[in-house]
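Take a look at the structure set out below.
The values are calculated or read from the model by the stated rules, or taken from the named source; none is laboratory data. Remember, it's a predicted structure, so these values are computed and weren't measured experimentally. Positions of Cβ are generated from backbone atoms using ideal geometry, with glycine treated the same way; all protein chains shown enter the neighbour counts.
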Amino acid sequence: MKTLVTAADLQAAIDEERDLPGCAGLKVAFVPTMGALHEGHLSLVRKAREYADLVVVSIFVNPLQFGAGEDFDKYPRTLEADEALLESAGADLLFAPTVEVIYPEVGELGVAAGIAAARAQSKLNPALKSGPVGATFEGAARPGHFDGMLAVVARLFELVKPDFAVFGAKDAQQLFLIRRMAADLFPDLHIIEAPIVREASGLAMSSRNRYLDQAALEVAGHLSKALKVGKAAAETIGAKPSLVINAARARLEGVPEAKLDYLALVDPSSFEPIDDSFTGRALMLIAAVVGSTRLIDNLTIDFQEPSA
Ligand code: PAF
């Protein structure tokens, strides 16, 4: 695996692969990450390999998607360990750009002014606005997060020019917004969803789990258990959405260390909350703060038509 830092080197490395004999129609699959890799990320790399001959991974901790007071500065940066993991998972190219490569404004104006300029620039493109969906759930807790996320993902798509891009299902709202943005700006790109990878406790894998000590990890394990209680209520006794939410919420009542932000059921096709008349596949979302770490998770739930 080669690690590339500049856009020109990345392009040259991809072109080099394309120019190999018999590789004219080479397909590229892309896995964007912020590093601090874990088994969940490696499953995305393996998924990418199912679709393409060349698997490109990026590691870039994107300042635009962090708000004031969030963990941008302390976000784990573990490039050497990440490189070793990516090698073992079979990635071909790692793109690990500097902030100036992604946001040239930073090279011209310095970090603070350059990031502000990049943010302002991305706001001019309507396809990079996360809109009303981007202001709910994670977007309500983290204003500006999704606009910053869309800005970097679009920039990375422009640089890598992939045929496929793979994202984890854990960040369901992110994935919804990326699909919508890609349909507008990159209509030939296929967005692939990869299933959530979980610890034995059921906890969804996340780079932020590194912030949790043993006691906090145990608390965090209750989030997925609450989702499972909701799923069981719907799928075994036919509970309606409002009862499903109550059942899941009740599961967390004995766990005050998990500070629940939201527990909600949405229609995955619109990311709008559903009501009790909903039938079909819904997505149950949860977000909670454990210690000072914000955790999210989700699970699909099938609501059947009531039997006559
Ligand atoms: O999910 C993430 O790790 C990030 O939001 C992403 C998609 C790499 C954009 O910075």
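When P162 is tested against (1) within 11 Å of the ligand (Cβ to nearest atom); (2) crowded, with 18+ Cβ neighbours inside 10 Å; (3) of a type outside the set (G, A, S); (4) within 25 Å of T3 (Cα to Cα), just one condition goes unmet, and that condition is (1).
Which ones in the range 34-81 are of a type in the set (S, T, Y), surrounded by fewer than 22 Cβ atoms within 10 Å (Cβ to Cβ) and either farther than 17 Å from R294 by Cα or without any contact (Cβ under 8 Å) to a residue 12 or more places away in the chain (or both)? S43, Y51, T78 - these are the residues of the range 34-81 that are of a type in the set (S, T, Y), surrounded by fewer than 22 Cβ atoms within 10 Å (Cβ to Cβ) and either farther than 17 Å from R294 by Cα or without any contact (Cβ under 8 Å) to a residue 12 or more places away in the chain (or both). Remark: pairs (first residue in the range 155-170, farther than 10 Å from P32 by Cα; second residue among the aromatic types (F, W, Y) and away from the ligand (no atom under 13 Å from the Cβ); Cβ separation under 8 Å; 6+ apart in sequence or on different chains) = D163/Y51; F164/Y51.
Among the residues of the range 281-297, the ones that are surrounded by 13 or more Cβ atoms within 10 Å (Cβ to Cβ) and either modelled with pLDDT under 95 or farther than 15 Å from L252 by Cα (or both) come to 5 in all. For the range 210-224, the criterion of a residue being of a type outside the set (S, T, Y), closer than 21 Å to T33 by Cβ and within 16 Å of the ligand (Cβ to nearest atom) is satisfied by at least one position.
In the range 239-256, the residues that are closer than 18 Å to G221 by Cα reach residues that are surrounded by fewer than 19 Cβ atoms within 10 Å (Cβ to Cβ) and basic (K, R) with C-beta atoms within less than 8 angstrom, at least six apart or across chains, in these pairs: R251/K225.
Within the range 74-83, not a single residue is β-branched (V, I, T) and either touching a His at 6+ places or on another chain (Cβ under 7 Å) or away from the ligand (no atom under 15 Å from the Cβ) (or both).
The number of residues in the range 105-148 that are of a type in the set (A, V, I, L, M, F, W, C), farther than 21 Å from F186 by Cβ and either surrounded by fewer than 18 Cβ atoms within 10 Å (Cβ to Cβ) or under 23 Å from the mean Cα position of the chain (by Cα) (or both) comes to 12.
Scanning the range 22-66 for residues that are more than 14 Å from the ligand (Cβ to nearest atom), under 20 Å from D188 (Cα atoms), out of contact with any Pro (no Cβ under 7 Å at 6 or more places or on another chain) and not small (G, A, S) turns up C23, L26, K27, K47, R49, E50, Y51, D53, L54, V55.
Residues that are closer than 23 Å to K27 by Cα and more than 13 Å from the chain's Cα centre (by Cα) were ranked within the range 149-159; the one that is nearest to the ligand (Cβ to nearest atom) is L156.
State whether one or more residues within the range 227-248 are within 30 Å of E70 (Cα to Cα), among the small types (G, A, S), out of contact with any Asp or Glu (no Cβ under 7 Å at 6 or more places or on another chain) and crowded, with 21+ Cβ neighbours inside 10 Å. Yes: one or more hits. The helices (runs of 4 or more DSSP H) found entirely in the range 145-263 that carry 3 or more residues being among the hydrophobic types (A, V, I, L, M, F, W, C) and over 19 Å from I296 (Cα atoms) are 145-160, 172-185, 214-237.
One residue alone among D171, D184 is within 10 Å of the ligand (Cβ to nearest atom) and either modelled with pLDDT under 95 or surrounded by fewer than 19 Cβ atoms within 10 Å (Cβ to Cβ) (or both), and that residue is D171. When L26 is tested against (1) buried (at least 22 other Cβ atoms within 10 Å of the Cβ); (2) at pLDDT below 95, only condition (1) is not met.
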